[in-house]
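Read-outs: derived from the displayed coordinates by stated rules, not from any lab. Here the structure is a predicted model, which is why all the values come from computation and not from measurement.
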Amino acid sequence: MMQKTISILEKQLEETLITLEQKNNFELALNSYREIENELLSLIESNTDDVKDISRVLAQVYLRQAGMLRQLGHMEEANKVHLKELDYAKLSENSIAHAQSLFSSAIHLLSNRQMEEGLSILEEAKSAFEKGETDDHKQGVGWYWIILADLGNKKLINVSSAEIVDFCNKALEILVPLNNKPGVSRAYEARAAAGKL
């Protein structure tokens, strides 16, 4: 029964990502993620046996919330939510939650122009993703290449246009077979931008 409830909340999380976040309805997505968070927090209080699994989904919820807050320009609140994400990823003892929280930490630091630390944690996240064989692990590696391409296009790292195109091609090699539409779209955009540098 508990697993069914967790599964339903995970589906809601995925639906919010597709129907609201990916359509740039950041406020509505944030509200939906907060509702899911509240349901998970009430579950965790009464279900000590499922703490790891609930924590894994909570880490995902906080990852999405922090992203929405950054999009809306609420950096201080994003910082606080990001710390919750790290805590729950650790509690979950789940390899993908751990890798995603590292990736999220890197994005968070890079967004705040803390380049050296951000790039270092981004490399750590890539290594963590490469240790797994699931589609989620593979997608993490694909997004690693997209972030590098974006940083190159913004002149935040010192790479050539050819290197940026190479990063995009590596991302596409991974993400096209997985049908990761947002990633594929971002990789094509980054590759087109590199051609204009």
Next on the checklist: Nearest 500 deg cm²/dmol is fine: what mean residue ellipticity at 222 nm does the chain get from its DSSP H runs of n ≥ 4 alone, each adding -39,500 (n - 2.57), divided by its residue count?
Outcome noted: -27500 deg cm²/dmol
Checklist outcome for this item: Scalar couplings 3J(HN,Hα) for region 103-120 by Karplus 6.51 cos²θ - 1.76 cosθ + 1.60 (θ = phi - 60°), nearest whole Hz, x for Gly and Pro, are 4, 4, 4, 4, 4, 4, 5, 5, 4, 8, 6, 8, 5, 4, 5, x, 5, 5
Item to check | C-alpha long axis of helix 51-71 to longest principal axis of the chain, angle in ° | outcome: 50 degrees
Checklist entry - With θ set to phi - 60° and the Karplus curve 6.51 cos²θ - 1.76 cosθ + 1.60, what are the ³J(HN,Hα) couplings of region 15-25 in order, to the nearest whole Hz, using x for Gly and Pro? => result 4, 4, 4, 6, 8, 10, 4, 6, 9, 6, 8
Next on the checklist: How large is log10 of I(q)/I(0) for region 40-197 at q = 0.14, 0.19 Å⁻¹ when the intensity is taken from the Debye formula with one equal scatterer per alpha-carbon?
Outcome noted: -0.72, -1.21
